Amino acid sequence: MQALSKKKTGDICTIKWMFGIPDVLDFLRSRKIEEGSTVQVIQRMNGGLILGMDGKRIAMCDAAADRIQV
């Protein structure tokens, strides 16, 4: 397992587990991003990344992505 924040542009990953601030987790889960979901790293940027799943895009800081293991 590895933190999502360590993945490169183009990587496709399955989320194994997530932890962190409940509001952030609720936001992700409301967009169907949860344990077992497959996401793609669309773009890496300084301090964060953009995830893609089912035609949706979500920007996330590395601090939040550190708490998601893939």
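The values are calculated or read from the model by the stated rules, or taken from the named source; none is laboratory data. All figures in this text were calculated on a predicted structure; none of them were measured in a lab. Cβ atoms come from the backbone with ideal geometry, glycine included; neighbour counts cover every protein chain shown. Accessible surface areas use protein heavy atoms only, side chains included; no ligands, DNA or RNA. Shrake-Rupley method; radii C 1.70, N 1.55, O 1.52, S 1.80 Å.
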*Taking the range 50-70, which residues are surrounded by 15 or more Cβ atoms within 10 Å (Cβ to Cβ) and part of a helix (DSSP H, G or I)?*
Asp62, Ala64, Ala65
*Return the pairs, sorted by first residue and then second, in which the second residue is open to solvent by less than 70 Å² (accessible area, probe 1.4 Å) and of a type in the set (Lys, Arg), the first residue lies in the range 34-54 and is closer than 20 Å to Lys16 by Cβ, the beta carbons are less than 6 Å apart, and the residues are 6+ apart or on different chains.*
Val41/Lys7
*Failed condition for Gln69, given (1) among the polar types (S, T, N, Q); (2) without any contact (Cβ under 8 Å) to a residue 24 or more places away in the chain; (3) touching a Phe, Trp or Tyr at 6+ places or on another chain (Cβ under 6 Å), with all others met?*
(2)
*Which residue pairs have Cβ atoms closer than 7 Å, lie 6 or more positions apart in sequence or on different chains, and pair a first residue in the range 1-16 that is closer than 17 Å to Asp62 by Cβ with a second residue that is in a helix (DSSP H, G or I)?*
Ala3/Ala65; Leu4/Ala65; Ser5/Asp62; Ser5/Ala65; Cys13/Leu4
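Determine whether the range 25-39 contains at least one residue that is in a strand (DSSP E or B) and surrounded by 17 or more Cβ atoms within 10 Å (Cβ to Cβ).
Applying the first criterion (in a strand (DSSP E or B)) to the range 25-39 yields 38-39.
Now narrow it down to the ones that are surrounded by 17 or more Cβ atoms within 10 Å (Cβ to Cβ): 39.
The answer is yes, given that some residue of the range 25-39 is in a strand (DSSP E or B) and surrounded by 17 or more Cβ atoms within 10 Å (Cβ to Cβ).
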_Restricting the range 40-49 to residues that are over 10 Å from the mean Cα position of the chain (by Cα) and among the aliphatic types (A, V, I, L, M), the residue that is least open to solvent (accessible area, probe 1.4 Å)_ = Ile42
